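What follows is a set of notes on a single structure, which appears directly below.
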Amino acid sequence: MAAESVIEIREVTKTYGQGETAVHALRGVSLRIEAGEYVAVMGSSGSGKSTLMNILGCLDVPSRGEYWLDGSDVARLSEDQQALVRGRKIGFIFQSFNLIPRTTALANVELPLTYAHLRRGERRKRANRALELVGLADRTGHRPNELSGGQQQRVAIARALATGPRILLADEPTGNLDAHSTDEVLGMFDDLHADGRTIIVITHEHDVAARARRLVQVSDGRIVSDEVTR
Amino acid sequence: MSPRDLMGAALRGLTANKLRSLLTVLGVSIGVGAVIVLVAVGNGSGKAVQDRLEAMGTNLLTVSTTGGGGGFVRGQAGPANQQYSLTLDDATALADKNLAPDVASVAPVMTSSGTATNGDTSYTVNQVIGTTPAYMPATNTPVQIGSSFTQADVDTSQRVILLGQTAATELFTRPASAVGQTIKLGAVDFTVLGVLASKDSTGFNDPNATAIVPITTLRATQAGYGALSQIVVQAAGQDRVDTAQAEVTQLLTARHQVPATETSPFRITNSAQILQTSQDTAATFTALLATVAAISLVVGGIGVTNIMLVTVTERTREIGIRKALGARRRTILGQFLIEATLLSLIGGAVGVGAALIVTRFQLAGVQPVLVPSSIGLALGVSAAVGLFFGSMPAHRAAGLRPIDALRHE
């Protein structure tokens, strides 16, 4: 295994249910992603791309197969260590933003820093900087329901960036956004990629996938194509 | 996550749905308040009974005769009656330190009733007590104004009288002005030596509607030379009441030659026993009230569980987000446990506050007396209720797999 590979999965399968009613979401997927790559995972709904993203994000565990994240075997990590990995190494961006309701933008961005045991002052500083980065320095005190969809997604990006993770996992990040906000968010991804972060975007939109440097296509639980596009 | 951050997260969780939190707090506070108030009421009523009995004198033995119990057996009621009548000699014998070493003082008592007049004002004294000076300290009946009569007054049958508060007020309007005056009791003039201190009622009779005169005077002027109504015996100490009672029984049995086969014709009322009995009753009463209150506290606790379960279900997605952001199992557990405990503790504090206010007033005729330990206990129990009843929902929240929690709609 090359030292620079951030993510490596080998022959990963994921099956929901048992026997006759079993659903095979992934039927043996192997994938290697190097540090600093910008990868788009495409596929129709039900193709297994979301399951793949959940496994990559340590939100779900594979039924079979290996997952090496940053050189360590995820299957061997305890529940708490997995939580630590999610907090420190991975930043999540969801289609539905997943901000904590009735909580200010600043507090939302501070949350992963809190779980990473940072001191109060340091947390505030970093959260403010992250919000500044996404252009929401003037919206820190707003609650999610007082923000537009695009702004909410930018808060979510700020939250994902706050801990300075190596990997950004975005699941349909522009699915709920208008064209303008989509452009903003994708522009942000370009900047982050230029900064050297590893970005994995799950999408079914071609124009979103076209921004990535590598395109992985998933269908019926298998990778059907994997090509460097740019 | 530092405790402070956990506390902050818990507080935000609670304030997110203020009305619901408020109602849950109310449930717990009613429980806690009920425990404190009802225990205080139980305690207060116990104290009230105790105070009244202590006013009677706790070292007190009251000896009376059941009449001629044995007389009928022999078919000669008259002489038997007299055989067991209490006499002044009995009182003298009981006062003998050699015969009854645990007896501190003895006061023979004869009672009568009569109409007292002061000029045109007349008042029917329903209890005129003839006794010796030992009666006043033994029965905890101090003279408030003026002075008591002395043994010399008794020996020389002086016509002096001590008036109870009610009697003095009825006859002189102002009790203080009674001292030194002369009143008529029946047809005989008495000089008022003093007025007795007011006493709480121990029964249906007004204990202040009395008058006390030397026993010899009463015999000479009012009641004649019959048997004593009772002998009041004061034991030498609280712990010697029982031995004193045994001595009194033995002495009287011997003096009146009561056959061993007969049940004792003398009835000895032991105030310490009455006190003990009433304290036991009060304790049972308090325990009963506390049980009822504890039930309401448990109901409040179940309210906490219920609300926390609803909260966990409602915030499953939030839990998933928190887990995706790196929250560990115990962080989630801690947050929800603290939320539940805060609900209970705030409820407990409100309950204590309400109880402190409520117990300032008389409840059902009882002045509640706070038991400090009940406050600590109620607060402790409410915290425990939060931890206990909150742990199930909290564990459920913490045990959720991140992906399941995130998918929850």
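Go through segment B:122-162 and give me each residue that's part of a strand (DSSP E or B) and touching an Asp or Glu at 6+ places or on another chain (Cβ under 7 Å).
Within segment B:122-162, B:Y123, B:V160 qualify.
Of the conditions (1) touching a residue at least 40 places away in the same chain (Cβ under 8 Å); (2) of a type outside the set (S, T, Y); (3) at the interface with chain A (Cβ under 9 Å from one of its Cβ atoms), B:L288 clears all except one; give me its number.
(3)
Looking only at segment A:6-33, which residues are part of a strand (DSSP E or B) and free of Cβ contacts under 8 Å to residues at least 40 places away in the same chain?
A:Y16, A:V23, A:R32
Among the residues of segment B:378-409, write down those that are farther than 14 Å from B:R330 by Cβ and within 14 Å of chain A (Cβ to nearest Cβ).
Passing the criteria: B:R401, B:P402, B:I403, B:D404, B:A405, B:L406, B:R407, B:H408, B:E409.
Quick check on segment B:193-204. Is at least one of its residues surrounded by fewer than 22 Cβ atoms within 10 Å (Cβ to Cβ) and part of a helix (DSSP H, G or I)?
No, segment B:193-204 has no match at all.
Could you list, in sequence order, the residues of segment A:97-107 that are at the interface with chain B (Cβ under 9 Å from one of its Cβ atoms) and among the polar types (S, T, N, Q)?
Passing the criteria: A:N98, A:T103.
Within the set of pairs 6 or more residues apart or between chains, which connect a residue that is assigned to a helix (DSSP H, G or I) inside segment A:194-213 to a residue that is buried (at least 22 other Cβ atoms within 10 Å of the Cβ) with Cβ atoms less than 6 Å apart?
Close Cβ pairs (under 6 Å, with a partner that is buried (at least 22 other Cβ atoms within 10 Å of the Cβ)) amount to A:V208/A:T174; A:A209/A:A40; A:A209/A:M42; A:A209/A:T203.
Among A:R64, A:R120, A:R102, A:R88, which is the only one that is basic (K, R) and modelled with pLDDT of 90 or more?
A:R64
Those residues that are closer than 29 Å to B:P3 by Cα, outside any helix (DSSP H, G or I) and of a type in the set (A, V, I, L, M), I need them from segment B:316-374; list them, please.
B:L325, B:A327, listed by residue number.
Any residue that is in a loop (DSSP other than H, G, I, E, B), of a type outside the set (G, A, S) and in the same structural domain as B:T115 (by TED's automatic domain parsing) - is there at least one of those in segment B:212-233?
Yes.
Hey, which of the helices (runs of 4 or more DSSP H) in segment B:50-98, taking only ones fully inside, have at least 2 residues that are at pLDDT 80 or above?
B:88-94
Looking for something in a strand (DSSP E or B), surrounded by fewer than 22 Cβ atoms within 10 Å (Cβ to Cβ), among the small types (G, A, S) and out of contact with any Leu (no Cβ under 6 Å at 6 or more places or on another chain) - is there at least one such residue anywhere in segment A:91-109?
Taking every residue of segment A:91-109 in turn, none turns out to be in a strand (DSSP E or B), surrounded by fewer than 22 Cβ atoms within 10 Å (Cβ to Cβ), among the small types (G, A, S) and out of contact with any Leu (no Cβ under 6 Å at 6 or more places or on another chain).
Would you mind finding the one in B:R315, B:R322 that is charged (D, E, K, R), touching a residue at least 60 places away in the same chain (Cβ under 8 Å) and within 14 Å of chain A (Cβ to nearest Cβ)?
Being charged (D, E, K, R), touching a residue at least 60 places away in the same chain (Cβ under 8 Å) and within 14 Å of chain A (Cβ to nearest Cβ) holds for just one of B:R315, B:R322, which is B:R315.
List every residue pair whose Cβ atoms lie under 7 Å apart, where the two residues are 6 or more positions apart in sequence or sit on different chains, the first residue falls within segment B:153-172 and is over 13 Å from B:A211 (Cβ atoms), and the second residue, located anywhere, is of a type outside the set (D, E) and at pLDDT below 85.
As it stands, the answer is B:S157/B:A220, since those pairs meet every condition given.
Test B:G31 against the criterion of being touching a residue at least 60 places away in the same chain (Cβ under 8 Å) and in contact with a Pro (Cβ under 9 Å, 6 or more places away or on another chain), and give yes or no.
It is false that B:G31 is touching a residue at least 60 places away in the same chain (Cβ under 8 Å) and in contact with a Pro (Cβ under 9 Å, 6 or more places away or on another chain).
So A:D80 passes all but one of these: (1) touching a strand residue (DSSP E or B) at 6+ places or on another chain (Cβ under 6 Å); (2) within 13 Å of chain B (Cβ to nearest Cβ). Which condition number does it fail?
Failed condition: (1).
The values are calculated or read from the model by the stated rules, or taken from the named source; none is laboratory data. For clarity, every value in this text was computed on a predicted model and none was experimentally measured. Cβ atoms come from the backbone with ideal geometry, glycine included; neighbour counts cover every protein chain shown.
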